[in-house]
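Okay, so here's the structure we're looking at.
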Amino acid sequence: MNIDKTKLKSLLWSVVASWKADDGDLQRHTTALDEILGDKTVEEVALLLIAENDRLEVEGDSSKTLLRDAIAREDQLKAENETLRTALGDLLSLYEADDGCRSLPEYIAGRAAMGKGEQP
């Protein structure tokens with residue numbers, strides 16, 4: 001909807017206040033409101049705003065679902081990463097006693113990765 005909602009809100013409150021006060025500004029505020037609405041009625045604008053709110057609510061719910069899914073996936077990846085780190089640590093510990101194995105590039109890279117928290 002292409003109506004300035006801040007201006008619309010202000011004009012609507014002006015119309016309401018003038019109507020409740022039963023003052024002479026009601027016609028002026030109503031005319032200003034009609035100008036901002038163009039060819040739409042207040043009822044049409046209300047329906048458009050309700051539809052927009054409904055759409056935004058659906059988008060918000062969808063975003064919440066996507067966020068929950070992303071968090072669940074992140075938790076799963078963290079668990080898998082920890083399992084792999086444990087397995088790598090166990091494998092590297094098998095080679096601790098062998099000086100020849102400790103000089104292998106794979107062993108060195110594995111130890112470096114374990115120290116940085118990265119996968120080799």
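Quick look at the numbers
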item: Label-to-label distance, nm, for residues given as residue 79 and residue 16 (7 Å Cα→Cβ offset); result: 5.0 nm
item: About the Cα centre, charge dipole magnitude for the chain (Lys/Arg +1, Asp/Glu -1 at Cβ), debye; result: 280 debye
item: Residue-span extension gain [residue 70 to residue 31] - 0.36 nm each, minus C-alpha spacing; result: 9.0 nm
item: GluC sites (Glu not before Pro) restricted to DSSP loop in the range 42-102 with at most 13 other C-beta within 10 Å; result: 96
item: Kirkwood-type radius of the chain, with distances r between different C-alpha atoms, in Å; result: 20.6 Å
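Read the figures in this text as sums done on the coordinates, not as results from a lab. None of the values given here were measured: they were computed from a predicted structure. Quick reminder, even Gly has a Cβ in these numbers, built from the backbone with ideal geometry, and neighbours come from all protein chains shown.
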